[in-house]
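Take a look at the structure below.
The values are calculated or read from the model by the stated rules, or taken from the named source; none is laboratory data. If you're wondering where the values come from, they're calculated on a predicted model, not measured in any experiment. Cβ sites come from the backbone with ideal geometry, for glycine too, and all protein chains shown count toward neighbours. Areas reflect the complete protein model, heavy atoms only, side chains present, ligands, DNA and RNA absent. Shrake-Rupley method; radii C 1.70, N 1.55, O 1.52, S 1.80 Å.
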Amino acid sequence: MDLFDLNFHGLRRKLPLTYIASNKQIATFTIVGDVEFTEVAGKLIQEKLEERNIVPDCFVGPGTNILCFVHHMAKRYGHTRYVVLRKSILNYMTSPQVQLPWRNAPKHAKKLVLNGSDMEFLKGKKVVLIDDVVSTGTTMEMQSQMMEKIGATVLAKCSIFKQGNRYIDPDLIYLDNLPIFVVTKDGRKTLLTEEQSEM
């Protein structure tokens, strides 16, 4: 297995490299189960929010992969509740709200579902959106649209990593970049350039 040696603010991790096309590889990351990484990333996100004088009422994230980190951020701020959007309507949900990907969204984009009780809780709240990796930005923007629809105010959009150059938002708060590699026929890897990412 090909691995990428990540140095994240002094933490070393080996991330699997996965093909997303015949000539492109990405470094794949999951924070689930990594207590040390969660602590370091949480501290850094909090510092960046404090630099901007951002004080949220609630943290919101998409899906189970980010659940542990959203929980961690809520504890850091002394919150008694946080909200995680799901990718499907589940049996426990009442009056769920659904945000569908737009027509020309990337194929990986999935609908986001908000439980009705969470919707009532978030109305009028000031929220910070959290994700682990932002690449196309589709999920982040879908979260933002959902919050606008239900009457919550987004104070900030945060991600541990940004991957590639497809998502352009000068206000996005992120901690580091994850590489995308172009792989030649003889197996050599070079970092994807901004011009290549538009191809």
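Brief remarks follow.
- Using a probe of 1.4 Å on the protein chains alone, the accessible area found for ASP34 is around 40 Å².
- Candidates LEU178, LEU90, LEU155: whichever shows maximal mean-square fluctuation once the chain is modelled as a Gaussian network with Cα springs under 10 Å: LEU90
- Solvent-accessible surface (1.4 angstrom probe) belonging to HIS71, in square angstrom, nearest 10: 80 Å²
- In terms of its C-alpha gyration tensor, the range 21-127 has an oblate overall shape, because the principal axis ratio a/c (a ≥ b ≥ c, square roots of the eigenvalues) is not below 1.5 and a/b does not outweigh b/c.
- Sparse packing (at most 11 other Cβ atoms within 10 Å of the Cβ) combined with a DSSP loop state is found for none of the trypsin sites (Lys or Arg not before Pro) in the range 1-39.
- Sum of -39500 (n - 2.57) over DSSP H runs of 4+, divided by residues of the chain (222 nm, nearest 500): -7500 deg cm²/dmol
- Shown for the range 33-123: the carbon plus sulfur share of the solvent-accessible area, taken with all protein chains present and a 1.4 angstrom probe, equals 48%.
- Each of ASN104, VAL127, ILE31 was scored by the projection of its Cα onto the charge dipole of the chain, and the greatest displacement toward the positive side belongs to ASN104; charges sit on the C-beta of Lys, Arg, Asp and Glu.
- When +1 charges are put on Lys and Arg Cβ atoms and -1 charges on Asp and Glu Cβ atoms, the dipole computed for the range 87-199 relative to its Cα centre reaches about 360 debye.
- Average accessible area per residue (Å²) across the range 131-174 - probe 1.4 Å, nucleic acids and ligands excluded: 39 Å²
- Shape call, the chain: gyration tensor on alpha carbons, a/c limit 1.5: prolate
- Ordering SER144, SER95, SER88 by accessible surface, largest first, gives SER95, SER88, SER144; the 1.4 Å probe counts only protein heavy atoms, with every chain in place.
- Residue order by solvent-accessible surface for ARG76, ARG52 is ARG52, ARG76, largest first, with ligands and nucleic acids left out and a 1.4 Å probe.
- Protein-only accessible surface order, largest first, of TYR174, TYR167, TYR92 at 1.4 Å: TYR92, TYR174, TYR167
- What you get for the chain, charging only the Cβ of Lys and Arg (+1) and of Asp and Glu (-1), is a dipole of about 500 debye around the Cα centre.
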